[in-house]
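Here, each number is a calculation from the coordinates, and none is a lab measurement. Model, not experiment: these values are computed from the prediction. Neighbour counts run over all protein chains shown; Cβ positions are idealised from the backbone, glycine included.
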Amino acid sequence: MIDLQTSTIVDQEIKELVIPIDNVAHVQLGNSLEHALLVLVKSGYSAVPVLDLSFKIKGLISKTLILDSILGMERIEYEKLADHHVEEVMNSKVPRMKDTDTFTRALELSINQPFLCIENDEGIFIGILTRRAILALVYRHVRKRQIIEQP
């Protein structure tokens, strides 16, 4: 059994794992669904953060939410993309963390999320923490312990 409680990763701050805002695809309130879909398709992501003009997190927009909003009874109504905006269909329940939160909190929140939005103490979006980065750190820790414990 792996004992992560005695580990240094349990209380580690997540700052080093955060992908900074400059490297994160995002959209803003007021952007059309057409723009959001282009960002999602071009970036290859299924969801991205939605920010206001002050760079505060307001929600998440995904391909699924956009496509659900233009799905008609008999066809996909693509013409609606330009007429509707991100804030109309975004998910406003955003799993978020402070950049000073611990790894344990990140691990807990990432169970059901592909990424977590990270904000500073003023509530400004500073980046994301991916489940991939979290799992990579756990994997490195486990491998390190296995090497140390080998006879």
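Of note:
- On Cα atoms only, tilt of 131-149 relative to the major axis of the chain in degrees: 10 degrees
- Long-range amide H partners of Gln28 with built H, under 5 Å: Leu51
- Long pairs among Lys93/Lys144; Lys15/Lys80; Lys56/Lys144; Lys42/Lys144; Lys42/Lys80; Lys98/Lys144, criterion Cα-Cα beyond 30 Å: Lys93/Lys144; Lys15/Lys80; Lys56/Lys144; Lys42/Lys144
- Applying a DSSP loop filter and a limit of 14 other Cβ atoms within 10 Å to the GluC sites (Glu not before Pro) in region 48-86 leaves Glu74, Glu77.
- Selection from Ala133, Ala47, Leu65 lying farthest towards where the dipole of the chain points positive, charges on Cβ: Ala133
- Beta bridges per DSSP with both ends in region 4-149, % antiparallel, nearest 5: 75 percent
- Helix 33-43 and the longest principal axis of the Cα set of the chain meet at an angle near 40°.
- Order by protection proxy (mean Cβ within 10 Å, highest first), peptides 105-111, 27-33: 27-33, 105-111
- A cut-off of 5 Å between modelled amide H atoms, ignoring neighbours fewer than 5 places along the same chain, links Lys56 with Phe125.
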